[in-house]
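The values are calculated or read from the model by the stated rules, or taken from the named source; none is laboratory data. None of these values were measured; they are calculated from a predicted model. Note: ideal-geometry Cβ built from the backbone for every residue, glycine included; neighbour counts use all protein chains shown.
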Amino acid sequence: MVGTMFNLFYYTAVVFIWGSTWLAITYQLGPVPPEVSIAYRFLLASFILLVYCRLSGRPMRFSLAEHRWMALQGVFLFALNYWLFYVAELWVTSGLVAVIFALMVPMNMLNGRLFLKLPLRPSVFTGGAIGLFGIGLVFWPELKNLSLESMTFMGIGFSLVATYSASLGNIISARNQKAGIPVIQANAFGMGYGGAVMLGWSILSGAPLAPAWTAPYLASLFYLSIFGSILAFGAYLTLIGRIGADRAAYSTLLFPIVALALSAAFEGYQWTAQATLGIVLVLVGNLLVLPNPLTRRLRQVQTSSAA
């Protein structure tokens, strides 16, 4: 029961924090190149986490092989996917990007099967399919206006590669946890490696490294670093270790719902009956995917009957 409560807390925190980062990221776009903002975000988050680990006395000695795995996690989860999503939003609306990002649910299932030899759960697939259909209803106005211009398809392609990169990062995190690397330390070093990769990319590409010294930019940078990176990734990757990458990834279906609520409050988004139906379907899919006392009780009854 206590474990279920903790899972619910982590899950809720992930949904609401990452749902709000869609709005925060809009304050990062503009004169500062995406790769530079991403580098600052994760280097700052890494520094804060490393200081916390040191002050709390957490073990910080890892082998070279373990650092390689943490670096790999950082590249896929804290660098490449974020850059690809930023670039994709130059050509595709954020709502459509959110729809594509929801495909991480089946991607995690497939990658979990391929790399971790995990079984494919039918309930997760069914719930994810219902949730994806619900997300499609929410964003149908953007989907039906999709043009056939090459830039649009490039944006879709970038979004798909970004989502798969994030899924690989999830799987690597699950592997690192099974290998005994703690989540907080893995995030601290992984974010540092990911931020360093983006900083190196920025220098090599000749991008201007100066941040925007404005209140909105700096406030969003600190919010994305502390809440969107440290707290949300810590909760999310802990969920991966607790309930599996496929179930944890289902929270990505709820991010756009929170983002829409904030958009309605701050950007004038108009709710429709179709969007409301989509939200209901997402919640129904959520009940099918997440483990809960009722489904566990039904399994116990079925097992007892079979015996």
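For region 46-98, the set of residues classified as in contact (Cβ under 8 Å) with a residue 24 or more places away in the chain and hydroxyl-bearing (Ser, Thr, Tyr) consists of Ser46, Tyr52, Tyr82, Tyr86, Thr93, Ser94, listed by residue number.
Could you list, in sequence order, the residues of region 10-46 that are of a type in the set (Phe, Trp, Tyr) and under 28 Å from Gly244 (Cα atoms)?
Listed by number, the residues that qualify are Tyr10, Tyr11, Phe16, Trp18, Trp22, Phe42.
Condition check for Met70 on (1) touching a Leu at 6+ places or on another chain (Cβ under 6 Å); (2) farther than 20 Å from Val124 by Cα: one failure, at (1). Total residues in region 175-219 satisfying the condition of being crowded, with 16+ Cβ neighbours inside 10 Å and hydroxyl-bearing (Ser, Thr, Tyr): the figure is 3.
Any residue that is touching a Gly at 6+ places or on another chain (Cβ under 9 Å), assigned to a loop (DSSP other than H, G, I, E, B) and not aromatic (Phe, Trp, Tyr) - is there at least one of those in region 17-32? Among the residues of region 17-32, not one is touching a Gly at 6+ places or on another chain (Cβ under 9 Å), assigned to a loop (DSSP other than H, G, I, E, B) and not aromatic (Phe, Trp, Tyr), which makes the answer no. In summary, Gly157 fulfils each of the numbered conditions (1) crowded, with 19+ Cβ neighbours inside 10 Å; (2) part of a helix (DSSP H, G or I) with the single exception of condition (1). In the set (1) farther than 25 Å from Arg113 by Cα; (2) in a loop (DSSP other than H, G, I, E, B), Tyr193 fails one condition alone, (2).
Here is a check on your reading of the model: is Arg54 of a type in the set (Lys, Arg) and part of a loop (DSSP other than H, G, I, E, B)? Criteria not met by Arg54.
Annotation note: Cβ proximity below 9 Å between a residue of region 259-271 that is polar (S, T, N, Q) and exposed (fewer than 13 other Cβ atoms within 10 Å of the Cβ) and a residue that is in a helix (DSSP H, G or I) and at pLDDT 75 or above (sequence gap 6+ or interchain) occurs for Gln270/Ala264. With Leu8, Leu43 as the choices, which residue is within 19 Å of Ser251 (Cα to Cα) and either more than 15 Å from the chain's Cα centre (by Cα) or without any contact (Cβ under 8 Å) to a residue 40 or more places away in the chain (or both)? On inspection, the qualifying residue turns out to be Leu8. Considering only region 124-135, I want to know if a residue exists there that is in a helix (DSSP H, G or I), at pLDDT 80 or above and farther than 18 Å from Ser251 by Cβ. Checked against the condition, which is being in a helix (DSSP H, G or I), at pLDDT 80 or above and farther than 18 Å from Ser251 by Cβ, region 124-135 yields no hits at all. Pairs are defined by a Cβ separation below 6 Å, a sequence spacing of at least 6 or placement on different chains, a first member in region 108-134 that is more than 12 Å from Leu288 (Cβ to Cβ), and a second member that is not in a helix (DSSP H, G or I); the pairs so defined are Met109/Leu120; Gly112/Leu118; Arg113/Leu120; Leu132/Ala102.
Taken together, the criteria exclude Pro182 from residues that are under 20 Å from Met104 (Cα atoms) and either at pLDDT 95 or above or under 22 Å from the mean Cα position of the chain (by Cα) (or both).
For region 216-270: of the residues being of a type in the set (D, E, K, R) and modelled with pLDDT under 80, which is nearest to Thr21 (Cα to Cα)?
Glu267
Between Glu142, Glu149, Glu89, which is in contact with a Gly (Cβ under 7 Å, 6 or more places away or on another chain), modelled with pLDDT under 80 and among the charged types (D, E, K, R)?
Glu142
The condition of being surrounded by fewer than 23 Cβ atoms within 10 Å (Cβ to Cβ) and among the hydrophobic types (A, V, I, L, M, F, W, C) holds for only one of Phe42, Phe78, Phe85, Phe62, that being Phe62. Counting only residues that are within 21 Å of the chain's Cα centre (by Cα), farther than 25 Å from Ala248 by Cα and of a type in the set (Gly, Ala, Ser), region 15-40 holds 2 of them. Please indicate, with yes or no, whether at least one residue in region 246-255 is surrounded by fewer than 23 Cβ atoms within 10 Å (Cβ to Cβ) and within 18 Å of the chain's Cα centre (by Cα). Yes.
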